[in-house]
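Everything below concerns the one structure shown next.
Since every read-out is calculated from the coordinates, none of them should be taken as a lab result. Not measured: the values here are computed from a predicted model. With ideal geometry, Cβ positions are generated from the backbone for all residues, glycine too; neighbour counts draw on all protein chains shown.
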Amino acid sequence: MYRLLIGLAIFMSVTVARAATLPSIYWSEPSGVFRAGIDGAGVAPVLERTDIGGIAPDRAFDRLFLTYVALTKPPMTPGVVASTSLDADTLEWLVFYVPTPKAIALDKSARVMAWSESETHSISVADYDGGNVHKILEPTPWIADINGLAFDPWERKLYFSFVNPLIDSLRPGGIARMNLDGSEQETVVDGLVAPQGLAVDHVRGLVYWADPEFGAGIIGRASLDGGDRKDWVSGLGSPQGVAVDPYTNQIYWTDAATGKIQTGTSFVPQVDVVTDRDQPNAVGLLIQSGLEGDTNDDGQVDVYDLNDVRNYFGRDPGPGPGDADLDGDVDIHDLNAVRNNYGSRFTAPAELNSVPEPSSALLALAGMLSLCAFAWKRKSPTLVRR
Ligand SMILES: [Ca+2]
Ligand SMILES: [Ca+2]
């Protein structure tokens, strides 16, 4: 009985600790990876490493994936693709001798990671355990500086930002996409200056990018085929990473020049979340879709969720795959959650479906700003538009 109580106490403390960390923002700085609550509270270090390229948290798998340069050995700078606990430094190397890895993105249903390499200007993929490594974008003369990667789990496309060294222009950058096997490569956005981080809102069919431009950086946005493109936020210092929570329609970005992490919605496009940081760069979100039966947070209930429940049925309680109802275990209730909702997809609430622009939102929202203000304790809302 005593042992049972101890076990129960440990289980409950784990559950409470997990609940407190969701949702969270993770970001990289020159000294390591940090995290904070989605409102910026509780900033804490996760791991100390230098030369971090990209980060990508996976809530359901309970790991943070990252790339960094582990050994400097000219002329090659061998890096690693690694993962660590979401809460502490329990680093595990997954792929070794990667020449200067940069961005990383995850296919959270098939559990595949994709990363770009700065030295070879290529993109590779591997399974979450580091197996089955292969290149899906070979070096080509017209692609360099692949600084951003984002995966669309509904259309199953990998987006990447790049610069075309063959274009003699001040705007040689673009965004392209392809399948995870490297096929059907196409450019969707061009005419960018130096695109960095990317994020996909698969619920609304939008791609966001950070572009420092010439010292007056922007967060740009377009539909997934490149249409309806605009500078969504402008007048930033040096925006680097961008991340989107498609289930709340909240966009986050880092600004290395101002040391800030900021957030925006359709209505309040630029609000400080975390300030006084040292050159924040890559950013990722720890979020869940809230859709019943969606074990892996991709916003749909399908065979991947069913397989997770089957494969992890009865596993030890705690964070990990297959927990469809988020109560810390994998049992018959999780199986029923998947079965009852099989084939369903997350749909954005009606008020979030239309995405008004900051300027057109101004008039409509002049009266609502005071309403919003109390919800954002630290903000002084600033509308920025070119
Ligand atoms: Ca799912
Ligand atoms: Ca469960």
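Some points to look at:
- Cα shape, region 121-255, gyration tensor, a/c 1.5 rule: oblate
- Taking only the C-alpha atoms of region 21-286, the Rg (one decimal) and the largest Cα-Cα distance, Dmax (whole number), read 16.7, 49 Å.
- Each of the peptides 94-100, 40-46, 115-121 was scored by the mean count of other Cβ atoms within 10 Å over its residues; in descending order, highest first, they stand as 115-121, 94-100, 40-46.
- Assuming charge only on the beta carbon of Lys and Arg (+1) and of Asp and Glu (-1), the dipole of region 72-208 about its Cα centre is about 120 debye to the nearest 20.
- Between the residues V203, G32, S116, the greatest Cα displacement towards the positive end of the dipole of region 21-286, with unit charges on the Cβ of Lys, Arg, Asp and Glu, is found for V203.
- Region 244-348: trypsin sites (Lys or Arg not before Pro) in DSSP loop, at most 15 other beta carbons within 10 Å: R315
- Amide H partners (placed H, <5 Å) of A103, local residues excluded: S116
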